[in-house]
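Enquirer: Mind having a look at this structure? Questions to follow.
The values are calculated or read from the model by the stated rules, or taken from the named source; none is laboratory data. None of these values were measured; they are calculated from a predicted model. Positions of Cβ are backbone-derived with ideal geometry, glycine not excepted, and every protein chain shown enters the neighbour counts. Keep in mind that these areas ignore ligands, DNA and RNA; they rest on the heavy atoms of the full protein, side chains included. Shrake-Rupley method; radii C 1.70, N 1.55, O 1.52, S 1.80 Å.
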Number of protein chains: 4
Amino acid sequence: MSNELRIAVLGVGMMGADHVARITNKIAGARVAVVNDFFAEKAEELAATIPGCRAIADPFDAIADPEVDAVLLATPGPTHEKQLLACLEHGKPVLCEKPLTTEVETSLAVVKAEAALGKTLIQVGFMRRFDNEYAELKSLIDSGDIGRPLVVHCAHRNPTVPPNFDSAMIVKDSLVHEVDVTRFLLDEEITSVQIIKPSANASAPEGLQDPQIALFATESGRHVDAEVFVTTGVAYEVRTEVVAELGSAMIGLDVGLVRKSKPGTWGGTITPSFKERFGQAYDTEIQRWVNAVQAGAETGNYIDGPGAWDGYAAAAVCAAGVKSLETGERVAVEMVARSSI
Amino acid sequence: MSNELRIAVLGVGMMGADHVARITNKIAGARVAVVNDFFAEKAEELAATIPGCRAIADPFDAIADPEVDAVLLATPGPTHEKQLLACLEHGKPVLCEKPLTTEVETSLAVVKAEAALGKTLIQVGFMRRFDNEYAELKSLIDSGDIGRPLVVHCAHRNPTVPPNFDSAMIVKDSLVHEVDVTRFLLDEEITSVQIIKPSANASAPEGLQDPQIALFATESGRHVDAEVFVTTGVAYEVRTEVVAELGSAMIGLDVGLVRKSKPGTWGGTITPSFKERFGQAYDTEIQRWVNAVQAGAETGNYIDGPGAWDGYAAAAVCAAGVKSLETGERVAVEMVARSSI
Amino acid sequence: MSNELRIAVLGVGMMGADHVARITNKIAGARVAVVNDFFAEKAEELAATIPGCRAIADPFDAIADPEVDAVLLATPGPTHEKQLLACLEHGKPVLCEKPLTTEVETSLAVVKAEAALGKTLIQVGFMRRFDNEYAELKSLIDSGDIGRPLVVHCAHRNPTVPPNFDSAMIVKDSLVHEVDVTRFLLDEEITSVQIIKPSANASAPEGLQDPQIALFATESGRHVDAEVFVTTGVAYEVRTEVVAELGSAMIGLDVGLVRKSKPGTWGGTITPSFKERFGQAYDTEIQRWVNAVQAGAETGNYIDGPGAWDGYAAAAVCAAGVKSLETGERVAVEMVARSSI
Amino acid sequence: MSNELRIAVLGVGMMGADHVARITNKIAGARVAVVNDFFAEKAEELAATIPGCRAIADPFDAIADPEVDAVLLATPGPTHEKQLLACLEHGKPVLCEKPLTTEVETSLAVVKAEAALGKTLIQVGFMRRFDNEYAELKSLIDSGDIGRPLVVHCAHRNPTVPPNFDSAMIVKDSLVHEVDVTRFLLDEEITSVQIIKPSANASAPEGLQDPQIALFATESGRHVDAEVFVTTGVAYEVRTEVVAELGSAMIGLDVGLVRKSKPGTWGGTITPSFKERFGQAYDTEIQRWVNAVQAGAETGNYIDGPGAWDGYAAAAVCAAGVKSLETGERVAVEMVARSSI
């Protein structure tokens, strides 16, 4: 009777498996119809636990499958380009976990391929835009209540990172969220990036430049600084303050739900990882994407959130960031004009 | 392919209509199959907007309908008793918005009727138990971290109430939530109630005793005080503090998501009504109920939350409260022993 | 060149010795000229450390001493009556640590003796009125910004109490501060008191009724509840919330100066005892008293703070509280009319 | 009987007059014996209100006066050098409001002149070190509890500035406090400064670069960023966060003493200016300085706080800052080695 959106989830590692559970248990109007993974057995085992779900061994078969209405891409970044192009080819709406692709050029190629189609099929998984706090901050800015933002301060702290995490990944995997937050909140492009490398955390892995301080300048000359510190040992902390002409506003400060007093101290707990911190954001992101895809046939717009261009812009800024990481100097961001697409 | 739970929503006033939208747009594994309302047209108009949804004019027909798997009762309190008994008769799981019924005796009758069935079909809509803050507070207590609770302070403030709201409704409609919160957090029954009537708010409607201070004693002698103030003009504020033997804990304090600085002041916003404050709680309540109903056939337990007994206990405490409202004296709560059911 | 006020400090136990150090090191326009203690040696040892300070063995000699301009009474409560009357007799301004006297009748006698003099010489050491937070709360109320207060919630928590502390002392030594805070904030008398005795803290000394919940009604029918809990093991916590017709306001919440994040948690520290919590209040109290005494010759008013009447009223309310502690019932406060003095 | 320190206050504009009032009304063990001002009448009028206080027309006469024990310098910066040297010449302890002198070279000359004396006579008025919040933050760092600091974030916001305030004054008058805070908290020198100039506040006076973002690197490679924004229109806000290897800590966040709820919002007030924010710090600074001067004869050290070297270091960092303000580039701080003095 109802028309549930049939989703193929490609890549069912931690992130993809989370999305499968989310769609199955929390999202209205959609179900996971197909799962796929490089490790076929993993997909098969997972499929067996979901009513009406099949495993398909080849991701391109999954994309092409006539009983798949939309695709959720949680595969490793290097595979994104071809999978996205396949989605475009088959006219399948796709929610692509960041990054769009792993190089600026291929991201641009995807942007152009989608533009050529005349339909908006690609959404990029910058989930923070769906977080209640970021959404309310954006809405406060848009209301004009605090005036024009001039400066933004960001902090992004992880307790730990996996063993293979290197300095460039701090830029591409962590800082990239601050890149998108900046573009989201200020509604303009970032024009230069500088990475400052303070004395490193003694307990960071050998050779990891952590913390890093990123400085962004934007088209209209606004300033953003972002501390990214991924081996704090503390918890998952994300904070953003916008300093504007008529006031300022901050999110990410009051963490934890219960205020507790114990001998000598008071306080609360901090979310241990991005999963707890952004669980609500992921739920909202997927539900709104499902709704947008359902409504897309009428409008040609199948997304409700950041699109391919936002993925390309993030890639371009991060590429400049990686260059600055080497030199310590300010690096101009190289991007084509959006109007040229 | 999937087996969506087919729900009949009885009563589609503000609360019921909210639940219809919630189930349709946010809840996985369920859909609204039937709507019913005393005003048949209202139900018909709503049904027309929901794919695969019918209006049924008679609530008992809706309950009995073979294509209805479960019932959500959002009808006026006085109709609950018969509708609940009909649900029991047809073996239909039912989520009943508070109150269970409007009198202690009929509540007890419902409890007994369900007990006689040998299946747990009735869940009562005390949504606060599903609020993330209350859930975390309960979990903190259960962890033993702050020791045995001795005293609980509650505040329950509404900006306004409808014109017909009278002093007894403050007890039965507002304080009832503090009754359930107390029973939930302390895991024992309330044995006496006293309502203190301070000098009333000058802008409260003529004759409305507002604010009211309720004092509860519990079986093991713990003390709870609850300020209920429903014409504050401020916002919807709900706060609970548990003072225990090894520490204390409070929820409901840090309201609002954004911390804003403006000339001379800093602060945040407060949720205007229970809908914003407890939106997440309603979503979680319904999703968990749907999941429980889906799983119920195996276990005979179709609920995941407060049951009929909790509705009866709340009714008994509120009845004592209404009596105390008249006399100002402490009134013992009259309840049958749970073991006698 | 300057005219420093020569103060005699009577009683140099913990509190008195603190005041001696305060006057010597922090207070402008005054010095400790005389110290006295039941243990004469203690006073002599202390005097030897203060330039220009003598020990006088008899408290009445100290009061009468021509080179003493004013008296600070930090002796045990039972000695206050006679020492206060001696101060009045010699026309010496006196700051008397609470209680004024230990019985309602003797307090009234002191009030009358002072009234007969036609000068205001006695200030009582309810230091909270000088705490920046309480002062700002009072000033907010007086501004009319939150409208007329209807309800006040107080919490008063000590980590521990001395071994001899009994249930009545919780009323007379701890709750007495909430009595004065209530009278200060609401500017009217308390007319009845009820003490509720919840299930006691398992780690409180045998026989100590702790916590206690006090309920006050005031002349115009306002309601105050005060939780007093003196064996929390946590820290020294004092909180007051005023719920008024146009808003509410709370103090005592944000304790500690530094907000710290450590693995898994964030928070601050709480002051360990009243000394840290009210250190600023004592400083301000003494400095303003010194200034008032210096200015008193012109006006006949030698105080800047609560006076003998406030000490009497507190005694009357606490006497009712002690009676209620026995019966659990509401007890009317017995006081003479102020106009009768 | 007591030996009150006789202080000459030079310069009785807003700051100096404040200090005169402070010493007279709040500080134990000292009195204002002499006042001096470029506008002699102003000094005379003020002197007439203070018992035992004279006006002296020539600042050098005031310094030399045998009945002056110590000097408080609140004169304009350009006069400091000669006045400080005069204090040294007469062996008079001096508390010098910032700046030490207005040029790096003259500051160094003062440092050397004092060093040649073999006595420590000069304290510089960086009052933040005496603020309870900064003091507790420093003490937390020193305790080792949060480990080695790696990054410091500062914000310094004024609602308005006087009409003549120019971009370099933002560095020399405002940022200078963050310079001292950095050196105080991290216990090492700043080696380079970069000033970033974001798009300016539209309501800042024509030509004023406001806000400014300053980046400091320190000897051991730690990073500090400081937002200085002096035309916010909001209030006086000062915040510092230290991000360290085992945790982080922030001060300046919870401003205001009362937490107020009003229709739709909750929050508190922010101090309107540095006077309210740092009133306690000034009181503590002066009292501790008075005590140190009293004790100095024994040790040859007449200060308890930042000294001439701290004034010189601040001047050197600000000079680099002013240079960077012009170029936007990182500028190395030029300082002699402390060991060379």
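Enquirer: What are the ³J(HN,Hα) couplings of the range D:266-282, residue after residue, when phi is run through the Karplus curve with 6.51, -1.76, 1.60 and θ = phi - 60°? Round to Hz, x for glycine and proline.
Expert: 9, x, x, 9, 10, 4, x, 8, 4, 5, 6, 5, 10, x, 4, 5, 4
Enquirer: Give me the angle, in degrees from 0 to 90, between the Cα long axis of helix A:104-117 and the longest principal axis of the Cα atoms of chain A, rounded to the nearest 10.
Expert: For helix A:104-117, the angle is close to 50 degrees.
Enquirer: Taking the full set of protein chains and a 1.4 angstrom probe, give the accessible area of C:MET250 in square angstrom, rounded to the nearest 10.
Expert: 10
Enquirer: Where the eigenvalues come from the Cα gyration tensor of the range D:217-307, what are the semi-axes √(5λ) of the equivalent ellipsoid, largest first, in whole Å?
Expert: 33, 22, 13
Enquirer: Sticking with this structure for a sec: Based on Cβ point charges of +1 for Lys and Arg and -1 for Asp and Glu, what charge dipole magnitude is obtained for chain C about its Cα centre, in debye rounded to the nearest 20?
Expert: Here the size comes out at about 620 debye.
Enquirer: Considering the Cα trace of the range D:128-238, what is its radius of gyration and what is Dmax, both in angstroms?
Expert: Computed over the Cα atoms of the range D:128-238, radius of gyration and Dmax are 14.8, 46 Å.
Enquirer: With a 1.4 Å probe and every protein chain kept in, tell me what percent of the accessible surface of the range C:214-341 is carbon plus sulfur.
Expert: Result for the range C:214-341: 52 percent of the exposed heavy-atom area is carbon or sulfur.
Enquirer: Note the full-extension length gain between B:GLU41 and B:SER273 as 0.36 nm times their separation in residues minus their Cα-Cα distance, in nm to one decimal.
Expert: That pair, B:GLU41 and B:SER273, stretches by 80.7 nm at full extension.
Enquirer: Any idea of the accessible area per residue across chain A, 1.4 Å probe, to the nearest Å²?
Expert: That works out to 36 Å² for each residue.
Enquirer: For the B and C pair, go ahead and give the buried accessible area with a 1.4 Å probe, both sides summed, in Å² to 100.
Expert: Adding both sides of the contact gives about 2500 Å².
Enquirer: Under 5 Å between amide hydrogens, which residues at least 5 positions from C:ARG54 or on another chain qualify, with H placed 1.01 Å from N in the peptide plane?
Expert: Distant-sequence amide H within range of C:ARG54: C:VAL34, C:VAL35.
Enquirer: On average, how many beta carbons from a partner chain sit within 10 Å of the beta carbon of a residue in C:130-143?
Expert: 2
Enquirer: Here's another thing I want to ask about it. Find, among the residues of chain D, the one whose Cβ sits nearest the axis of the rotation taking D to A; state the distance in whole Å.
Expert: Nearest to the symmetry axis by Cβ: D:ASP225, 3.
Enquirer: Now a separate question. Comparing D:GLY307, D:GLY118, D:GLY321, which has the greatest mean-square fluctuation in the GNM of chain D with Cα pairs linked when under 10 Å apart?
Expert: Largest GNM mean-square fluctuation: D:GLY118.
Enquirer: What angle, in degrees between 0 and 90 and rounded to the nearest 10, separates the Cα long axis of helix D:132-143 from the longest principal axis of the Cα atoms of chain D?
Expert: 70
Enquirer: Hey, another quick one. How large are Rg and Dmax for the range D:7-56 when only the alpha carbon atoms are used, in Å?
Expert: Here Rg and the maximum Cα pair distance are 9.5, 29 Å.
Enquirer: Oh, and also: From the label point of D:GLU329, set 7 Å along Cα to the beta carbon, how far off in nm is each other copy's matching point, shortest first?
Expert: Counterpart label points of D:GLU329 in the remaining copies fall at 1.1, 9.0, 9.0 nm.
Enquirer: Right, another one. Just to confirm the numbers: C:PRO162, label point 7 angstrom along the Cα-Cβ line, distances to the other copies in nm, shortest first?
Expert: 5.5, 6.0, 6.4
Enquirer: Mind listing the long-range amide H neighbours of A:GLN209? Cut-off is under 5 Å, sequence gap 5 or more, other chains count too, H placed in the peptide plane at 1.01 Å from N.
Expert: Those lying under 5 Å, H to H, from A:GLN209 are A:SER167.
Enquirer: Under a GNM of chain C (C-alpha, springs under 10 Å), which listed residue has the highest mean-square fluctuation: C:ALA135, C:ALA226, C:ALA319?
Expert: Greatest mean-square fluctuation among the candidates belongs to C:ALA135.
Enquirer: Dimensions of the protein assembly as shown along principal axes (Cα, Å, largest first)?
Expert: 101, 78, 47
Enquirer: Along the charge dipole of the range A:270-341, pointing to its positive end and built from +1/-1 on Cβ of Lys, Arg, Asp and Glu, which listed residue (A:GLY328, A:GLY311, A:GLY279) has its Cα farthest out?
Expert: Toward the positive end, the furthest listed residue is A:GLY328.
Enquirer: For the protein assembly as shown, give the magnitude of the charge dipole about the Cα centre (Cβ charges: +1 Lys/Arg, -1 Asp/Glu; no others), in debye to the nearest 20.
Expert: In debye, rounded to 20, the protein assembly as shown gives about 0.
Enquirer: Turning to a different aspect of this structure: Let me check I've understood the local charge: for C:ALA64, count other residues with C-beta under 10 angstrom from its C-beta, Lys and Arg +1, Asp and Glu -1. What total comes out?
Expert: So the surrounding residues net to -3.
Enquirer: B:THR191's amide H: which non-local residues (gap 5+, or another chain) put their own amide H closer than 5 Å, with H modeled 1.01 Å from N in plane and none for Pro or chain starts?
Expert: The list, which skips near neighbours in sequence, is B:ALA217, B:THR218, B:GLU219.
Enquirer: Which percentage, to the nearest 5, of the DSSP beta bridges contained in chain D is antiparallel?
Expert: 55
Enquirer: Which of the GluC sites (Glu not before Pro) across the range B:163-205 are loop residues per DSSP, with 14 or fewer other Cβ within 10 Å?
Expert: Listed in order of number, the matching sites are B:GLU188.
Enquirer: On a 0 to 90° scale, report how tilted helix A:80-89 is relative to the longest principal axis of chain A, with both axes built from alpha carbons and the result rounded to the nearest 10.
Expert: For A:80-89 against chain A, the angle is about 50 degrees.
Enquirer: Can you work out ³J(HN,Hα) from phi for every residue in the range B:292-305, in order, using Karplus 6.51 cos²θ - 1.76 cosθ + 1.60 and θ = phi - 60°, giving whole Hz and x for Gly and Pro?
Expert: Going residue by residue, I get 5, 5, 4, 8, x, 4, 6, 10, x, 10, 9, 10, 9, x Hz, with x marking Gly and Pro.
Enquirer: Any idea what the dipole of the range B:211-282 comes to, in debye rounded to 20, about its Cα centre with Lys/Arg Cβ at +1 and Asp/Glu Cβ at -1?
Expert: 460
Enquirer: Can you find, among D:ALA292, D:LEU253, D:THR269, the residue farthest towards the positive end of the dipole of the range D:233-341? Put +1 on the C-beta of Lys and Arg, -1 on that of Asp and Glu.
Expert: Farthest towards the positive end: D:THR269.
Enquirer: Mind giving me the nanometre distance, one decimal, between the label points for C:ASP18 and D:ALA332, set 7 Å out from Cα along Cα→Cβ?
Expert: 5.5
Enquirer: Give me a comma-separated list of calculated 3J(HN,Hα) values for the range C:310-323, in order, Karplus coefficients 6.51, -1.76, 1.60 applied at θ = phi - 60°, integers in Hz, x for any Gly or Pro.
Expert: Here the 3J(HN,Hα) series is 5, x, 5, 4, 4, 4, 5, 5, 5, 4, 5, x, 5, 5 Hz.
Enquirer: Moving on. Please give me, ordered by residue number, the chymotrypsin sites (Phe, Trp or Tyr not before Pro) of the range D:29-132 that lie in loop per DSSP and have at most 12 other Cβ atoms within 10 Å.
Expert: D:PHE39
Enquirer: I've got another one for you. Put the label 7 Å from Cα along Cα→Cβ for B:ALA48; what are its distances to the other copies, in nanometres, shortest first?
Expert: Nearest first, the other copies' label points are 5.0, 8.9, 10.0 nm away.
Enquirer: Say a paramagnetic label sat at a point 7 Å from the Cα of D:SER192, along Cα to Cβ; which residues of the range A:178-207 have their backbone N under 20 Å from it?
Expert: Flagged as within label range: A:192-201.
Enquirer: Let me ask another. Positive end of the charge dipole of chain C (Lys, Arg +1 and Asp, Glu -1 on Cβ, about the Cα centre): tell me which of C:ALA86, C:VAL34, C:MET127 has its Cα farthest that way.
Expert: So the residue we want is C:MET127.
Enquirer: Return the FRET efficiency for the residue pair C:GLU67, D:ASP142: r is the Cβ-Cβ distance, R0 is 51 Å, and the value is rounded to the nearest 0.05.
Expert: Step by step, r from the Cβ atoms, then E = 0.65.
Enquirer: Using Stokes-Einstein with the Kirkwood hydrodynamic radius over Cα pairs, what translational diffusion coefficient do you get for chain A at 37 °C and a viscosity of 0.692 mPa s, in µm²/s rounded to a whole number?
Expert: 157
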